[in-house]
Structures are given as C-alpha cells and as structure tokens.
Amino acid sequence: MAHRIVSVDAGSPAEALGLRAGDELLAVNGEYVVDFLDYEALCAERYVRLLVRRDGKQTEYGVEKDEYEPLGLNFAQPLMSSTRLCCNRCLFCFVDQLPQNARPSLRVKDDDWRMSMMMGNYVTLTNVSDRELSRIIRRHASPLYISVHAMDPDLRSRILGTPRGARLPAQLQKLAEGGIEFHTQAVLCPGVNDGAALEETIAALADMYPAARSLALVPVGLTGHREGLRPLRKYTRAQAQAVLDIAGRWRQKLLSRFGTRFVFPSDEFYLAADAPLPAGEEYEDYDQIDDGVGMLRLLESEFDEAYRELPAAMQTSGGGVKLMVACGVSAGPFLARMLAARPVTGASVSVRPLENGFFGASVTVSGLLTGGDLIRGLQNEDCAAVLITVCMLRDGENVFLDDMTLEEVSRALGKPVIPVGRRGDELLQAIVEASKWQGR
C-alpha cells in the first residue's frame, strides 16, 4: 500500500533524508503501513527504516531521531486511508432523522475506531473484524470510546439493526485482556434499553473495570423528521428520574467498590427530570464531557472561579449594555439562574432559549441551533449583541448547520452575533468586554 507524500516539514528528519512531495511511502521498519495509526506507532522508535518509491524506483532510508519525534511527513489523506463507514441501521440513528435540506456532508455515516482513538468519537465496533481487533491491541490504541447501548447481545443487535451487534461482549473482553481501556456510552430509549436492561448493562461493564473506565447515559435524540421510522418517544420527567435512580444506586455502590462512580448520566437527563446537577467533584475527571456529561456544571464552575477574581466594583447589577445569550430550550433556565446570580457592572444580560425549527422542537440542545433559528427567534429583540456558543458553528468555520454564515445572521439581525468558547471563563470575558462598549 503506497501513501503519497504531499509535503515535508522544514527542519524535520524527513527533510534531512531528502524526502520530498510526490514520493510514496511503502513501508516502515519492514511493515506495510495500513493507515495513520500504523504510521504513528511504527515511527515512534529512535531508529526508523523507510521504504520509499520515487519515479518507480524503491529506496530504503534509515534515520535516527528522538523517540516519538515526528518524521515530518504529510500525506494526501489525513488518515492515510478512507473513512470507515457505518454498517448499522440503528433504530435511533440521527442521520436518518435529518431534514431534506441538510447538507450532504451531514449524511455521511462514519463508524471509524481510528477517529475514536484520535478524537474521542464513539464507535460501535460492528465493522471491526477479528484481525482488525488484534491490530488495535497490537498498536495499543487506547483509550477507545465505544457505543454499547446494551450488553445483552440480542437486544443490542435489535437496537443496531445488525446481528454483528451481538459480538460486543466478546470484543470488549478481548480488548480488556489486550490492555486496551475504553469509555462507553448507552443511548437510552424509553422502554427499550433502560430499566432492567440498563441494570444488566451497568453490571456487565462494571465487571470489566478497570479496562472499562466509565459509562455515559444519554437520552435518545429525536428530531421532527422521523417519517417512516420506528416510533420512539422522549423521556418524560418521571422516566428520566427513574434512569437517574438506577444510576444513583450504581454510582454509590461502585464508588465504594472501585473508588469511581463509573456511571455518568448526561446533563439532559437531569434537565429532563428537573433534578439538580451533581456537584463538580461527582464528575471526577470529566472524562465524558464531550458526551454532554457535566458540561453545565463545569461551565458554571469556570464562570464562578473567574467571577470571584473580578473587582467588587465589577459585580453590580442594573443598566448597562443589553446583551442576549441565545441557547437551546433545555439549558435556558440553568443559564438564566447562573447569570442572574453573577451580575457584571455595565452589562444587562438576558437569556433567550430558542426553539429549533431546523431539526424540530424536540431537539433542545444549544449546539444544534442554526442561523435560521437565531433569525426567527431574535428578529425583534432589543439588545446590542447576541452571544452564542461556538458549538453552533462548523469546526474552524463561521458556518451554521443550515449553511448560513455568521455574517449573514448578524446582518439579518442588525447586530453582532458573537461566538463564545465553551469555557465559563470565556463567557464571562465576553460579557466583561461587551460591558465596556459605549453608545450601543
């Protein structure tokens, strides 16, 4: 397998060897390179042998470098192979619930364990062969993030829509025996994989500790575009509380047994149950924050820590520049209480929860609001600026999920729309900076 080099970093070991764009990497230390994970693992040694093809001629190079020092090669494909696609037909698949006008890139169903290793993406392992599982262990690709949903093989197969789902318990056991750690998640559907099935899932995964590091519990996400799909419903307040009750019993038991609570319900479950969020220490290392676990508590902790450092003269309420924080429906009350309790001199901050018109009113998280949602919900709001979470925008770009740009939304509203980082101190800093505006 040949991997075309597109550039070589200046001052790198690869440049010192004379490698250049257009060369093709064939093997490292005598092994053919399947993908970027292979490349990284094989190039971590102090002495590396490279088999390279240039103009049809193969040449072997040897280089001595610091351990783990990058060679400095960049390839045509970042993963050095194509993305692995999903082979499941999950009963709650979010991609199947997209509106007709969603951009094509949102419809790509990936399920790539390499992205789990590199970026914390959740994967199901249904498209991983025994041979590939052995490669994961050989390359020590740890930790992984694995979508479990249910540990009962038959139930998991029904949820994922493929008999391959039944292989998971054996796969996890093999990973554990091979020294691979993994964080897990269960997307819960009322009456499907909660209740007794959830108890079984927690017990089975807890038996794999410490290879199994944690389990996040996330309520199913349902859009308003489920025509022809299996009927599912959102969690009621009582049902969400029942999940929290199960989690609470296990958290207490496993804290005594292992020194970790292990089971971490997402913020959405606490909001759905109208239950208080746990204290910050109960989230331990916040390992599952990208799954919406502890996001609000950490935001408040960071905001509060930064707020305590403000001079007393900056901690008064009343008057000042009018700012609007736009967010999803579920987080609105929490953010309103948090900001009301910590006023900033020179800024009058209000919170506006917005209904999601793109995916449907049942989608209540902030990160899935679109430019159109902001325009519909804030058209007549009296404020100098709108603050939004950067999570609403495409990574590294000022584009919303409906392809509207930040500039277009600001122009339509007649006021700046300001993306704010995910941290609480970044939100406070944005408010403080806006409080200094004059004549707005």
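The values are calculated or read from the model by the stated rules, or taken from the named source; none is laboratory data. From a predicted model like this one, the values you see are computed outputs, not experimental measurements. A quick note on method: Cβ atoms are made from the backbone with ideal geometry, for glycine too, and the neighbour counts reach across all protein chains shown. These area figures cover heavy atoms from the full protein model, side chains too; ligands, DNA and RNA do not enter into them. Shrake-Rupley method; radii C 1.70, N 1.55, O 1.52, S 1.80 Å.
So here's what we get for this one:
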{"quantity": "Carbon and sulfur %, accessible surface of the range 295-387 computed with the full protein complex present, 1.4 Å", "calculated": "53"}
{"quantity": "Rg followed by Dmax, in Å, when the range 68-222 is reduced to its Cα trace", "calculated": "16.3, 52"}
{"quantity": "Percentage of interatomic Cα-Cα distances in the range 205-252 larger than 19 Å", "calculated": "47"}
{"quantity": "Cα long-axis angle, helix 237-258 against the chain (0 to 90 degrees, to the nearest 10)", "calculated": "50"}
{"quantity": "Max mean-square fluctuation residue, GNM over the chain, Cα-Cα springs under 10 Å, options Val344, Val187, Val28", "calculated": "Val28"}
{"quantity": "Quotient of C-alpha Rg and 2.2 N^0.38 Å, computed over the range 121-168", "calculated": "1.18"}
{"quantity": "Top of Leu299, Leu393, Leu73 by mean-square fluctuation, Gaussian network on the chain, Cα under 10 Å", "calculated": "Leu73"}
{"quantity": "Area projected by the alpha carbon convex hull of the range 319-359, averaged over all directions, nm²", "calculated": "3.0"}
{"quantity": "Charge dipole (debye, nearest 20) of the range 251-292; +1 at Cβ of Lys and Arg, -1 at Cβ of Asp and Glu", "calculated": "400"}
{"quantity": "Rel. contact order, % - alpha carbon contacts under 8 angstrom, at least six apart, the chain", "calculated": "10"}
{"quantity": "Accessible area expressed per residue, the range 37-144, with surrounding protein chains retained (probe 1.4 Å, Å²)", "calculated": "53"}
{"quantity": "Pairwise Cα inverse-distance average, inverted: Kirkwood Rh of the chain (Å)", "calculated": "24.5"}
{"quantity": "Cα-based helix-to-principal-axis angle, 195-206 vs the chain, degrees rounded to 10", "calculated": "50"}
{"quantity": "Translational diffusion coefficient (Stokes-Einstein; Kirkwood radius from C-alpha pairs) of the range 309-399 at 25 °C, 0.890 mPa s, in µm²/s", "calculated": "174"}
{"quantity": "Interchain or long-range residues, amide H under 5 Å from Ser348's placed H", "calculated": "Val321, Lys322, Leu323"}
{"quantity": "Karplus (6.51, -1.76, 1.60) ³J(HN,Hα), θ = phi - 60°, over the range 373-389, in Hz, Gly and Pro reported as x", "calculated": "4, 5, 5, 5, x, 10, 4, 10, 6, 8, 7, 7, 7, 10, 9, 10, 6"}
{"quantity": "Where only alpha carbons of the range 362-436 are counted, the Rg and the Dmax (Å)", "calculated": "12.1, 38"}
{"quantity": "Per-peptide average of other Cβ atoms within 10 Å, ordering 262-271, 326-335 highest first", "calculated": "262-271, 326-335"}
{"quantity": "Largest to smallest principal axis extent of the C-alpha atoms in the range 82-154, angstrom", "calculated": "43, 30, 19"}
{"quantity": "Dipole of the chain, positive end: most advanced residue of Gly228, Ala247, Leu17 [Cβ charges, Cα centre]", "calculated": "Gly228"}
{"quantity": "Spherically averaged projected area in nm², based on the convex hull that wraps the Cα atoms of the range 45-116", "calculated": "8.2"}
{"quantity": "Burial order of peptide ranges 283-293, 57-67 (average beta-carbon count within 10 Å, highest first)", "calculated": "283-293, 57-67"}
{"quantity": "Nearest-20 debye value, the chain charge dipole, Cβ charges on Lys, Arg, Asp, Glu", "calculated": "940"}
{"quantity": "log10 of Debye I(q)/I(0), alpha-carbon scatterers only, for the range 1-82 at 0.21, 0.24 Å⁻¹", "calculated": "-0.94, -1.29"}
{"quantity": "Stokes-Einstein diffusion coefficient of the range 209-284, Kirkwood radius over Cα pairs, 37 °C, 0.692 mPa s, in µm²/s", "calculated": "238"}
{"quantity": "Shape of the range 147-269, Cα gyration tensor, a/c cut at 1.5", "calculated": "oblate"}
{"quantity": "Convex hull volume per residue for the range 253-392, taking Cα atoms only, in Å³", "calculated": "123"}
{"quantity": "Mean accessible surface per residue for the range 328-440, computed with a 1.4 Å probe while every protein chain stays in place, in Å²", "calculated": "45"}
{"quantity": "Accessible surface, the range 150-189, averaged per residue in Å² (probe 1.4 Å)", "calculated": "36"}
{"quantity": "Lysines with Cα under 23 Å of Lys436, excluding same-chain neighbours fewer than 8 positions away", "calculated": "Lys322, Lys415"}
{"quantity": "Dipole in debye (nearest 20) - the range 1-144, about Cα centre, beta carbon charges: Lys, Arg +1; Asp, Glu -1", "calculated": "500"}
